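The values are calculated or read from the model by the stated rules, or taken from the named source; none is laboratory data. Since this is a predicted model, take the numbers as computed values, not measurements. A quick note on method: Cβ atoms are made from the backbone with ideal geometry, for glycine too, and the neighbour counts reach across all protein chains shown.
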Amino acid sequence: MSVLTVNQLSRDYGNERGIFDLTFQVKEGEALGFLGPNGAGKTTTIRHLMGFLRPEKGSCSINGLDCWKHRATIQKDLGYIPGEISFFDDMTGKEFLNFYSSFRNLKTTSRINELIDRFDLNTRGKLKKMSKGMKQKVGIVAAFIHDPQVLILDEPTSGLDPLMQNRFIELILEEKQKGKTILMSSHMFEEVERTCHRVCIIKEGKLVAVDSVDSLKASQAKKFVITFENEEMAADFTTKWEESTYRSNQVTLIARQNINDMIALLSTYSISNITSPEQGLEEIFLQYYGGSEHA
Amino acid sequence: MLNITLYKRGMRENIKIILAFAAVLTMYFTIIVTMFDPTFGSALSELAKAMPELMNMFGMNPSSSTLTGFMSAYLYGFIMLIFPMVFSIICANRLVARHVDKGSMVYLLSAPVKRKTIVFTQINVLISGIFIIVLYATALGIAACESSFPGELDIPKFIFLNIGVFGLQLLIGGICFLSSCIFNETKYSIAFGAGIPALAYVIQMLANSGEELSNAKYATFFTLFNSDGIIAGDTVTYIQILVLFLTSFILFTASVITFTRKDMPI
């Protein structure tokens with residue numbers, strides 16, 4: 001059963017900005033990664049799901065309730081991390097969390113303390129003076145305060161250092177174990193790859209692909225930089241491997257599903273180093289789109 | 001209908017500014033009251049004789065020589081119109097538009113609290129603030145007069161004068177609040193929230209300044225707060241005050257509708 005449904009959702013901001021005829025679902029207990037470059041319409045979609053914006057066309061619903069008409073009811077069981085976090089600046093972190101919890105009419109605060117410990121959050125400082133990462137942590141705690149069943153996370157790890165990114169991913173994996181339904185937008189493929197079952201890719205407001213993480217990975221091209229013992233070997237290799245170029249004794253190559261072939265071929269040479277540079281989402285996109293063109 | 005947590009938060013934010021206004025009002029009220037002289041005419045009326053146009057513009061032209069008329073002219077023609085108005089402009093903008101502009105509205109809307117409850121709570125914060133200021137002024141006026149000139153002040157009329165000013169300030173608050181609900185950016189919310197009442201006040205000043213422009217009084221809602229009429233006991237003032245309250249009710253209702261239906265770019 002799908003918990004979160006987006007049905008032919010459209011909002012035209014002019015100049016080809018906005019979202020157009022977007023349709024996708026997130027099933028119960030599923031984690032869907034929502035990927036797209038900046039300005040693709042991820043946040044606009046999420047604002048519709050949160051009931052901040054009224055759809056121009058189409059509709060969206062959570063647990064069968066229309067996101068615009070039943071926005072307050074939906075929030076009971078929904079946790080949200082906004083893409084741009086802004087609090088009541090004059091409060092300290094603790095004051096804000098207590099305010100938010102009481103505004104939500106929650107009775108216990110045990111969950112707040114547990115989350116504060118988990119993210120090493122110093123809640124005594126004024127929110128105004130907090131760094132981006134600190135604010136992000138407060139935003140994360142606020143989203144989980146009421147132990148919601150559905151989570152909408154808009155670029156949740158932005159501003160966090162790698163250690164905290166990992167702690168966040170651990171938290172998401174735990175929530176996934178508990179059967180929570182998650183929609184997580186990101187422009188980092190790695191984060192989505194580690195946490196999500198499926199990925200929905202949008203570009204310029206239009207749905208490009210909805211696919212499982214596994215098949216996205218399978219179609220993903222991987223880039224390797226291999227250092228050969230000498231230039232002749234490198235040159236020789238490029239004649240045998242289609243997608244490769246060399247520069248002195250270094251070869252840059254693209255491998256798709258044929259990594260085994262690559263290893264087999266490489267083993268016939270004398271190799272001094274192999275690295276795989278980290279790839280940005282844009283690059284993965286290009287390869288993904290490129291890959292689907294080939295097919 | 002009211003979210004207590006949000007109401008408390010709003011009131012706590014208001015305390016400082018209310019205290020500041022209370023301090024200023026205390027100063028004005030005590031000084032002005034001591035200037036009243038029942039036998040020889042006050043220093044202020046000498047001033048009025050010296051430059052009648054200017055004093056007229058600010059409504060400082062007592063129609064009666066009683067202490068009540070004196071209070072009405074020198075405190076309820078300018079100070080009690082402008083100070084609560086400044087409070088409304090600041091407070092109304094802060095309650096809605098600033099949260100939308102800054103994005104902190106997200107946290108009010110991402111909770112199981114209806115938009116109607118949020119906006120109704122914020123209206124109550126604004127009205128409570130206005131009410132506290134007017135109530136304080138009423139008590140202050142009575143106390144200051146009773147201590148300097150016991151028995152001189154017509155207390156029922158003075159209270160009625162304050163009910164009138166409360167109605168007027170509610171209307172101004174309604175304009176500021178509606179503007180705060182309509183606009184997503186603080187600069188526009190303030191421009192209209194402050195601009196419309198300020199313009200109306202300027203028109204009132206022009207209307208007061210002389211015969212030629214007296215018809216301008218039909219173009220400003222300040223005319224509905226008819227302090228001379230209240231002091232004279234005219235029955236039309238009851239209707240005027242009723243119109244003030246009704247108009248503010250309409251403005252606040254429009255604010256609720258605007259806020260619950262609007263798109264939030266947050």
task = Find all pairs meeting these conditions: Cβ atoms under 8 angstrom apart; at least six residues apart or on different chains; first residue within segment B:1-15 and crowded, with 16+ Cβ neighbours inside 10 Å and at pLDDT below 95; second residue part of a helix (DSSP H, G or I) and basic (Lys, Arg).
result = B:GLU13/B:ARG94
message = Can you pull out every residue in segment A:66-77 that is at the interface with another protein chain (Cβ under 9 Å from one of its Cβ atoms) and either within 18 Å of A:ARG54 (Cβ to Cβ) or assigned to a helix (DSSP H, G or I) (or both)?
response = A:ARG71, A:ALA72, A:THR73, A:ILE74, A:GLN75
query = Applying the selection to segment B:219-241, what residues are in a helix (DSSP H, G or I), touching a residue at least 24 places away in the same chain (Cβ under 8 Å) and either within 14 Å of another protein chain (Cβ to nearest Cβ) or surrounded by fewer than 17 Cβ atoms within 10 Å (Cβ to Cβ) (or both)?
reply = B:ALA232
note = The lone condition B:PRO150 fails out of (1) within 25 Å of B:VAL24 (Cα to Cα); (2) assigned to a helix (DSSP H, G or I); (3) more than 17 Å from the chain's Cα centre (by Cα); (4) of a type outside the set (Lys, Arg) is (2)
note = Of those in segment B:108-130 that are of a type in the set (S, T, N, Q) and touching a residue at least 60 places away in the same chain (Cβ under 8 Å), the residue nearest to A:TYR80 (Cα to Cα) is B:THR117
inquiry  = It is to be established whether one or more residues within segment B:82-101 are within 23 Å of A:SER86 (Cβ to Cβ), within 14 Å of chain A (Cβ to nearest Cβ) and polar (S, T, N, Q).
reply    = no
query = Just one of the numbered conditions (1) away from every other protein chain (no Cβ under 14 Å); (2) surrounded by 14 or more Cβ atoms within 10 Å (Cβ to Cβ) is not true of B:ALA191; which one?
reply = (2)
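Does segment A:139-152 include one or more residues that are away from chain B (no Cβ under 14 Å) and at pLDDT below 95?
No; the residues of segment A:139-152 include none that is away from chain B (no Cβ under 14 Å) and at pLDDT below 95.
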ask   = If you check A:GLU84 against the conditions, is it acidic (Asp, Glu), at pLDDT below 95 and over 26 Å from the mean Cα position of the chain (by Cα)?
value = no
request  = Please determine, by comparing only the residues of segment A:272-295 that are crowded, with 16+ Cβ neighbours inside 10 Å and touching a Phe, Trp or Tyr at 6+ places or on another chain (Cβ under 6 Å), which one is modelled with the lowest pLDDT.
outcome  = A:LEU281
key: Residue count, segment A:78-93 (criterion: outside any loop (DSSP other than H, G, I, E, B) and more than 9 Å from chain B (Cβ to nearest Cβ))   = 3
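State all residues of segment B:102-144 that are part of a helix (DSSP H, G or I), over 24 Å from B:PHE21 (Cβ atoms) and either over 20 Å from the mean Cα position of the chain (by Cα) or away from chain A (no Cβ under 14 Å) (or both); if no residue qualifies, say none.
Within segment B:102-144, the subset part of a helix (DSSP H, G or I) is B:102, B:105-109, B:115-144.
Of the ones still in play, those that are also over 24 Å from B:PHE21 (Cβ atoms) are B:102, B:105-109, B:115-120.
Listed by number, the residues that qualify are B:LYS102, B:MET105, B:VAL106, B:TYR107, B:LEU108, B:LEU109, B:ARG115, B:LYS116, B:THR117, B:ILE118, B:VAL119.
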